[in-house]
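The values are calculated or read from the model by the stated rules, or taken from the named source; none is laboratory data. The shown structure was predicted, so the numbers you read here are calculated from the model rather than taken from an experiment. Using ideal geometry, Cβ is built from the backbone for each residue, glycine included, and neighbour counts are taken over all protein chains shown. Calculation scope for accessible area: heavy atoms of the full protein, side chains included, ligands and nucleic acids excluded. Shrake-Rupley method; radii C 1.70, N 1.55, O 1.52, S 1.80 Å.
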Amino acid sequence: MAIVVSNASGIVDGHHIYYVDKKTNYLYRCDMDGSNSQILVERAVLQASMNFDDEYFYYRLYTDQELDSGEDCHDIYRFPKDDPSQIEKIVTLEEAAYQVFTVPGTGKIFVRTFGTESDAQAIYVMNTDGSDVTQLMIPEY
């Protein structure tokens, strides 16, 4: 087994490895063999929030390494995988975003918020452009 990207955490879409450098938390992308590395976001990105669908890559910033407070923790961003320079903020939630989940072919993403022990995590569903945000009401059992 060969190490193609060291000191990083990431995900693979079959064409690229998207990874966060553990020193800076900046987002990078490289080819599957580790070549052609390029920086995509020169701000800290929360690794737990990264996800993608066929067209876009989604993420949340990790400003000052705060999960539930501070600048940008409520915002979800995306960029087209074929042009990562076109970053756009798609939604600002009422609560701190934590994880983004994609469901291929549905045109929807799900965002789980960061909850504390006294505050349950909420789940939001929205269109992939951030429109039509709805908080899911999941009954307790």
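Remarks
- Every residue from the stretch 54-75 that is within 15 Å of Gly107 (Cβ to Cβ) and surrounded by 20 or more Cβ atoms within 10 Å (Cβ to Cβ): Tyr56, Tyr58
- Candidate set: the stretch 1-50, residues that are under 17 Å from Val100 (Cβ atoms) and of a type in the set (Ser, Thr, Tyr); chosen: the one farthest from the chain's Cα centre (by Cα): Ser9
- Qualifying residues in the stretch 76-124 (those that are within 12 Å of the chain's Cα centre (by Cα) and of a type in the set (Lys, Arg)) - the one least open to solvent (accessible area, probe 1.4 Å): Arg78
- Enumeration of residues in the stretch 14-46 that are assigned to a loop (DSSP other than H, G, I, E, B), closer than 30 Å to Ser69 by Cα and open to solvent by less than 40 Å² (accessible area, probe 1.4 Å): Asn25, Ala44, Leu46
- Being assigned to a loop (DSSP other than H, G, I, E, B), in contact with a His (Cβ under 8 Å, 6 or more places away or on another chain) and without any contact (Cβ under 8 Å) to a residue 40 or more places away in the chain holds for only one residue in Glu95, Glu140, Glu71, and it is Glu95.
- In the set Asp132, Asp75, Asp83, Asp64, only one residue is modelled with pLDDT of 90 or more, out of contact with any Phe, Trp or Tyr (no Cβ under 6 Å at 6 or more places or on another chain) and on the phi > 0 side of the Ramachandran plot; that residue is Asp132.
- For beta carbons closer than 7 Å, sequence separation of 6+ or different chains, a first residue in the stretch 43-59 that is of a type in the set (D, E, K, R) and a second that is part of a strand (DSSP E or B) and open to solvent by less than 20 Å² (accessible area, probe 1.4 Å), the qualifying pairs are Arg43/Leu61.
- If you go through the stretch 1-13 and keep only what is assigned to a strand (DSSP E or B) and closer than 25 Å to Asp64 by Cβ, you end up with Ala8, Ser9, Gly10, Ile11.
- Considering the conditions (1) of a type in the set (S, T, N, Q); (2) open to solvent by 70 Å² or more (accessible area, probe 1.4 Å); (3) touching a residue at least 40 places away in the same chain (Cβ under 8 Å), Thr128 is excluded by exactly one of them, (2).
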